[in-house]
Amino acid sequence: MAFLEVKKLNKYYPIGDDKQFHALKDVDLSFEKGELVSIIGESGSGKSTLMNLFGGLDSKFDGEILVEGKNIGSYTEKQMVQYHKEKIGFVFQSFNLVSHLSILDNVTLAMTLSNVDKETRMERAKTILDQLGLKEQYNKKPEQLSGGQKQRVAIARALVNDPDIIIADEPTGALDSETSEQVLDIIQQIAKGGKLVILVTHSERVAERSSRVVTIADGEIIDDKQTGPLKEVETSFSLRSLDEKQINKNLSIFSAIRMALLNMKEKLGRNVLIALGGSIGIMSIVLMLSLGRGVNDYLTETMNENVNPLVIEASMTDATESEKAKKEQEEKEAEKSKISEPVPGLPGENSAGSQNSEVEFAGPPGTGAKLPFEEENSKELEEIKNVKNVTEGFTSFSFTKNAIEFEDESYTYMNFGTVSPDITSSNIIFGELPKNNEVLITEGLATSIKTNPADMIGEEISVKIDTGEDTLESMYTISGIFSPGDSAGPAGIFDSVFMTMETFEALNKESDKNIEANVLYLTSESEEFTKEIKNQVKELGYAGSSADILTDIFSQMLDIFTYILTGVAGISLLVSAIMILTVLYISVVERTQEIGVIKAIGGRRKDIRRIFVSESFLIGLFSGILGVGLAVGLSFVGNIFVERIFDATVLHMTPAFAVAGILVSVLISVLAGLLPASKAAKLDPVEALRRG
Ligand code: ADP
Ligand code: MG
């Protein structure tokens, strides 16, 4: 049995319109180890086609190619990869060295793909490079070498895995005659060393140096003659084979990342620009999230400042009302289904909803307008553990109808409230808390009437209160001026008027109205219970204080706002994803030859995909880190400015935002890289090498 045997080999190339080109016609050949075979023939006669078939770069053929008796046409992908790794070494006319890898990395590439340990890799590559006279060139890049040197590197690469067959397609085609001789010497030595060398050549002189010349014309073997034994040469190639275990491992992630890094370094400028482009999107998103968080923190903090820690406010809005009703309905239904089958038209069905229909005033949905309380509400709240007492109050909020009149001038104020336990004398900068028929007004409202707010004390004003349905009006004396301090509660933000609940009830009676309390103030027995009581109040379905409601509304608005801005920032992410996609596609085109080489020396599709995905992963990682870095820097600078103006920071970046930013960047980049990577993995090696 011959070492390499070809039986009735036919090759057809499809050339469109269901036509085929018959490139090889019934080729029968057999070769043994130790032969140096020259294949000669006119250009286009089928020499490269034959080599590609021998080398397993092209598996579509009719007939048989038997290597040690096994037909390589029936190999699985895995077996073919192994064939490339163990049996075949390629030498090409155009060298096909990977330009961004050093000489040493080029030669070790095949072993890197097999994940051979670094020490073995280096030792073998150096041994073979030394034998080929390239001792001083390890760390040079291919373009720094002469043609002859490049071809010697390519030969080193072909030999380093100690294959049985060396296939050289016009190895001297790009070399001058002197360097050709040197390369031929080496090739001859390889054959002498016991390998089967098949080389394609145009040159008579090259053919003369081989042990056998096969002539091909129009896809047919027309001559096959022995040209005598090989000239005696000193054989100096002695590499022991790698053991099987070493060869069958796969490219490690680490090596893939290293290869990606080397390629990115080669195109540094371009990659820096992409990372920069991608980082802007990440930066904007992180900044938006930080801004949302910062403003929210600011609001919550200031809203809760200067509030009596013992007082918990409970109110009902149309939202809480319907929620309460729904809850009751659910409870009732759950109970009913426990007792008996549902009875149609049971009057109890609607009783829960009836509370809704009795409601006298319901503000526009979602505005947080408060509803009046019923007897049962305050009872329910009184029963909460650790509540010392519950007092009723009334607040009204209006942008236009709440007003005071003084000396025939009208001044609108927005917030009316009865004096709650929250308002203590510490908030009163001039005068005192209001008694019967007296009111307290905020500093801002007072200064809009008189420059010195203290001048308003003792003055008589007419107060209009919008209760939702009616406007009540009466005359009162100003007892004091309220300063909210740093509080951002309603009285801290809006002009406000306060009177006692008794005064308000008297006004009610006087106006023949029966307006019920719409807020309850729960006083906790001790500060430690406040939080728990607050939770219980919420659990029972009530809204918290006006400040709480306002904070909620503001943070909801803020959330929407941040989401929109983040969405806009997200568009820039999309743009960078498309950019990465494009650049990687370009990279695939640029690296076609490299991909061909990797496939020829036994790289699996998976390995190639891994190299490209690593590259997009790295781009994502860099732009993520850069984006987060920029966001950190900008929020630092931004906060300094904002702090000068508002005395607070508004960009609160958390580690979670930073991590999320980097993760999103990596994810988007890897996703964008998948398509080009699989395109690269699917490249046909013959095509790839031809183009290279
Ligand atoms: P050589 O290497 O001897 O110059 P090739 O083996 O490259 O010749 O090509 C042999 C013949 O097959 C040529 O006529 C060429 O045009 C044709 N051929 C090679 N590759 C393809 C292909 N992919 N599709 C169609 N025809 C091809
Ligand atoms: Mg050719």
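Return the residues of region 155-169 that are open to solvent by less than 20 Å² (accessible area, probe 1.4 Å) and either within 16 Å of ligand 2 (Cβ to nearest atom) or more than 19 Å from Gly89 (Cα to Cα) (or both); say none if nothing qualifies.
Restricting attention to region 155-169, the residues satisfying the condition of being open to solvent by less than 20 Å² (accessible area, probe 1.4 Å) are 155-161, 163, 165-168.
Once the filter is applied, which keeps residues that are open to solvent by less than 20 Å² (accessible area, probe 1.4 Å) and either within 16 Å of ligand 2 (Cβ to nearest atom) or more than 19 Å from Gly89 (Cα to Cα) (or both), region 155-169 yields Ile167, Ala168.
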Residue check: is Ile39 within 12 Å of ligand 1 (Cβ to nearest atom), closer than 28 Å to Glu208 by Cβ, open to solvent by less than 10 Å² (accessible area, probe 1.4 Å) and in contact with a Leu (Cβ under 9 Å, 6 or more places away or on another chain)?
-> yes
If you take the residues in region 42-61 that are more than 10 Å from ligand 2 (Cβ to nearest atom) and buried (at least 20 other Cβ atoms within 10 Å of the Cβ), which one is farthest from Arg690 (Cα to Cα)?
-> Phe61
Complete set of residues in region 680-692 that are farther than 11 Å from Ile595 by Cα and either at pLDDT 95 or above or away from ligand 1 (no atom under 16 Å from the Cβ) (or both) = none
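Take Leu50 and decide whether it is within 10 Å of ligand 1 (Cβ to nearest atom) and within 19 Å of Glu170 (Cβ to Cβ). Even if it seems obvious, please write down each step before you answer.
Numbers: within 10 Å of ligand 1 (Cβ to nearest atom): yes; within 19 Å of Glu170 (Cβ to Cβ): yes.
Yes, satisfied.
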Condition check for Lys599: out of contact with any Cys (no Cβ under 8 Å at 6 or more places or on another chain), open to solvent by less than 40 Å² (accessible area, probe 1.4 Å), among the basic types (Lys, Arg) and modelled with pLDDT of 90 or more | yes
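Can Ser30 be described as over 40 Å from the mean Cα position of the chain (by Cα) and within 16 Å of ligand 2 (Cβ to nearest atom)?
no
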If you scan region 194-206, which residues turn out to be modelled with pLDDT of 85 or more and buried (at least 18 other Cβ atoms within 10 Å of the Cβ)?
-> Lys195, Leu196, Val197, Ile198, Leu199, Val200, Thr201
Scan region 2-19 for residues that are away from ligand 1 (no atom under 15 Å from the Cβ) and either open to solvent by 80 Å² or more (accessible area, probe 1.4 Å) or part of a loop (DSSP other than H, G, I, E, B) (or both) and jot them down.
-> Ala2, Phe3, Lys7, Lys8
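Let's see how each residue does on (1) within 16 Å of ligand 2 (Cβ to nearest atom); (2) at pLDDT 90 or above; (3) part of a helix (DSSP H, G or I); (4) closer than 21 Å to Leu4 by Cβ:
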| site | (1), (2), (3), (4) |
| --- | --- |
| Gly89 | no, yes, no, yes |
| Leu101 | no, yes, no, no |
| Lys140 | no, yes, no, no |
| Val153 | no, yes, yes, no |
| Pro171 | yes, yes, no, yes |
Here are Lys464, Lys538, Lys531: which of them is assigned by TED's automatic domain parsing to the domain that holds Glu380 and open to solvent by 50 Å² or more (accessible area, probe 1.4 Å)?
-> Lys464
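The values are calculated or read from the model by the stated rules, or taken from the named source; none is laboratory data. Just so it is clear, the structure is predicted and the values come from calculations on it, not from any experiment. Virtual Cβ from ideal backbone geometry, glycine too; neighbours counted across all protein chains shown. These area figures cover heavy atoms from the full protein model, side chains too; ligands, DNA and RNA do not enter into them. Shrake-Rupley method; radii C 1.70, N 1.55, O 1.52, S 1.80 Å.
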